[in-house]
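Following: one structure in structure tokens, then a few remarks.
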Amino acid sequence: MSNRIKINEVQPAGYRAILALEKFIESTSLTTIHKDLIKIRASQINGCAFCIDMHTLDARKSGETEQRIYALSAWRDTPFFDEQERALLALTEEVTLISNHVSDETYKNAACLFDPAYLAEIILAIITINAWNRIGITTALEPALRS
């Protein structure tokens, strides 16, 4: 068990603000599949075990296949993801690894496939899961062992 800070207890107003952004993301027109892919892929890149566990479980409950979940870290090398999902995953990776910037090619590809409102929702969803990953990793959240 971690002895690190519990932000939701120490700064509940700040935690609620991030939770409000998450609730906004859940109310958008983003498909469940798109939200799940964003959350899992960003969490894989960031190495947030708590979020990987949570979001792969959620994705399975929503009907995502084991094959696609297992292959997500190698999505470019599989035929399992459609054109929109590939654009979304590329954007997720570049926003998550923001120090490398988001390439014009990746952005333009996503902008061609998604209308502006949906693209804005994708970007906000990527930013939101990255915030959660940073909270989870910094505060050493651990997934629960399930039998």
Restricted to the range 37-64, and to residues that are in contact (Cβ under 8 Å) with a residue 12 or more places away in the chain and of a type in the set (Lys, Arg), which residue is farthest from ILE123 (Cα to Cα)? ARG41
Subset of the range 117-147 (residues that are among the acidic types (Asp, Glu) and loosely packed, with under 15 Cβ neighbours inside 10 Å): GLU142
Could you tell me whether the range 1-11 includes any residue that is at negative phi and either hydroxyl-bearing (Ser, Thr, Tyr) or buried (at least 19 other Cβ atoms within 10 Å of the Cβ) (or both)? yes
Would you be able to tell me the number of residues in the range 1-48 that are of a type in the set (Phe, Trp, Tyr) and under 14 Å from ARG134 (Cβ atoms)? 1
Number of the condition not met by PHE114 [criteria: (1) in contact (Cβ under 8 Å) with a residue 40 or more places away in the chain; (2) more than 16 Å from the chain's Cα centre (by Cα); (3) surrounded by 18 or more Cβ atoms within 10 Å (Cβ to Cβ)]: (1)
Is it fair to say ILE40 is out of contact with any Lys or Arg (no Cβ under 9 Å at 6 or more places or on another chain) and at pLDDT 95 or above? yes
Quick check: anything in the range 37-50 assigned to a loop (DSSP other than H, G, I, E, B) and surrounded by 22 or more Cβ atoms within 10 Å (Cβ to Cβ)? yes
Just to check your reading of the model, which residue among LEU145, LEU141 is within 24 Å of ASN8 (Cα to Cα), without any contact (Cβ under 8 Å) to a residue 40 or more places away in the chain and among the aliphatic types (A, V, I, L, M)? LEU145
Filtering the range 80-111 down to residues that are among the hydroxyl-bearing types (Ser, Thr, Tyr) and closer than 13 Å to ILE126 by Cα, which residue is surrounded by the most Cβ atoms within 10 Å (Cβ to Cβ)? THR92
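The values are calculated or read from the model by the stated rules, or taken from the named source; none is laboratory data. Just so it is clear, the model here is predicted, and its values are computed rather than measured. When we count neighbours, we look across all protein chains shown, and the Cβ atoms used for this are built from the backbone with ideal geometry, even at glycine.
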